[in-house]
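The values are calculated or read from the model by the stated rules, or taken from the named source; none is laboratory data. Here the structure is a predicted model, which means the values were calculated and not measured. Don't worry about glycine lacking a Cβ; one is built from the backbone with ideal geometry, like all the others, and counts go over all protein chains shown.
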């Protein structure tokens, strides 16, 4: 019985985590999308309280990422990452 409760608790945590990530993006999540600290402050500004951590609304991040200005910045960022061997070339 205890094992079943453990799995139920793990499932609940997973569902809660998925729901959080559907609505929010953390700083580490932005970094995984090639954002820099400077770009975060330039395009997004300060994060909001999202439970125990600070994060940005996913809809706001996606809105910024769809702008022409951000797309230009991201193209330069990718070029820099490729030139410094931190990102494979797209061939």
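The residues on offer are 70, 43, 34, and the sole one that is touching a residue at least 24 places away in the same chain (Cβ under 8 Å) and outside any helix (DSSP H, G or I) is 34. A single member of 59, 49 is loosely packed, with under 15 Cβ neighbours inside 10 Å, at pLDDT 95 or above and part of a strand (DSSP E or B), and it is 49. In this structure, residue 54 does not qualify as assigned to a loop (DSSP other than H, G, I, E, B) and surrounded by 11 or more Cβ atoms within 10 Å (Cβ to Cβ).
Whether any residue in the stretch 9-21 is outside any helix (DSSP H, G or I) and touching a residue at least 12 places away in the same chain (Cβ under 8 Å) is what I want to check. No; the residues of the stretch 9-21 include none that is outside any helix (DSSP H, G or I) and touching a residue at least 12 places away in the same chain (Cβ under 8 Å). In the condition set (1) over 12 Å from the mean Cα position of the chain (by Cα); (2) assigned to a helix (DSSP H, G or I); (3) at pLDDT below 95, residue 76 is compliant with all but (3).
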